[in-house]
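Before any comments, here is the structure.
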Amino acid sequence: MADQRTLVDNTANPAPLGLLGFGMTTVLLNLHNAGFFPLDTMILAMGIFYGGAAQILAGLMEWRKGNTFATTAFISYGSFWLTLVALVLIPKANLAGIAGPDKATAMAAYLTMWGFFTAIMFLGTFRLSRALQVVFGSLTLLFFLLAAGDFTGNHTLTVIAGYEGIFCGFSAIYTALAQVLNEVNGRNVLPLGAIA
């Protein structure tokens, strides 16, 4: 008779790491979009290491847990941050004479594609929690506002997107910290609006 053992997953929840990497980087970038400070190395470094690398790491840990939604979300948005930083840095470094994205078309197309992806991911949150619905719903709106601002050249739309993005980032931070505090306390300290 074969020995049948059950593997128990006692690894930590990686979602707060991914949500914090996303949320904190999103707040900082959108403080720039809202006009509070210029795009600088602080935002780019956060985009590479916390928004990018930490989210990809969280996605790989979610893959180990068998969570397809979180794996797809964290690895995709981690890659978003890395590609966004590359879109800023590659033209400045003039690597192989590659030009930067044309604000009126290419950058708008880039942001629109991320908006469509996020809109589909938003549908998945209806089986997860109200907190994640807020994060993904506000992120969908953010991508489309930024795309519209780039496509039309309307700076006011970009500023509005900046304020909306600050809200989106803080909603992800709240969701992450609620998960941490709820787990540490063994009860719901901060509500996430779990779906029954």
**Complete:** Of every hundred units of 1.4 Å-probe accessible area on the chain, the number belonging to carbon and sulfur atoms, as a percent, is 70
**Fill in**
Phi angles of segment 165-181, converted by Karplus (6.51 cos²θ - 1.76 cosθ + 1.60, θ = phi - 60°) into ³J(HN,Hα) in whole Hz with x for Gly and Pro, give x, 4, 4, 4, x, 5, 5, 5, 4, 4, 4, 5, 5, 4, 4, 5, 5
**Request:** Run the quick spin-label model on Phe49 and Ala119: label points 7 Å from Cα toward the beta carbon, then report their separation in nm to one decimal.
**Result:** 3.7
**Prompt:** In degrees, nearest 10, range 0 to 90: what is the angle between the Cα axis of helix 55-64 and the longest Cα principal axis of the chain?
**Reply:** 30
**Asked** Which angle between 0 and 90 degrees, to the nearest 10, do you get for helix 130-152 versus the longest principal axis of the chain when only C-alpha atoms count?
**Response** 20
**Request:** Would you look at the GNM of the chain, springs on alpha carbons closer than 10 Å, and say which of Ala58, Ala109, Ala73 moves the most?
**Result:** Ala109
**Request:** Compare Gly51, Gly137, Gly186 in a GNM of the chain, Cα atoms joined below 10 Å, and give the one with the largest fluctuation.
**Result:** Gly186
**Prompt:** So what does Val85 come to for accessible area, using a 1.4 Å probe and Å² rounded to 10?
**Reply:** 10
**Message:** Report the per residue volume, in Å³, of the convex hull enclosing the C-alpha atoms of segment 63-179.
**Reply:** 118
**Request:** Evaluate 2.2 N^0.38 Å with N set to the residue count of the chain, then give the Cα radius of gyration divided by it.
**Result:** 1.11
**Request:** Let me have the relative contact order for the chain, percent, based on Cα pairs under 8 Å that are six or more residues apart.
**Result:** 27
**Fill in**
Compactness summary of segment 142-193: radius of gyration and Dmax from Cα atoms, Å, are 16.1, 49
**Complete:** Under a Gaussian network model of the chain whose springs join Cα atoms within less than 10 Å, the largest fluctuation of Thr41, Thr158, Thr71 belongs to Thr41
**Fill in**
Neighbours of Pro14 by Cβ distance under 11 Å: Lys/Arg at +1, Asp/Glu at -1, summed charge +1
**Prompt:** Going by alpha carbons, how many degrees (0 to 90, nearest 10) lie between the helix axis of 68-93 and the longest principal axis of the chain?
**Reply:** 30
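The values are calculated or read from the model by the stated rules, or taken from the named source; none is laboratory data. From a predicted model like this one, the values you see are computed outputs, not experimental measurements. Glycine gets a Cβ as well: all are built from the backbone with ideal geometry, and neighbour counts include every protein chain shown. All accessible areas refer to the heavy atoms of the entire protein, side chains included, with ligands and DNA or RNA removed. Shrake-Rupley method; radii C 1.70, N 1.55, O 1.52, S 1.80 Å.
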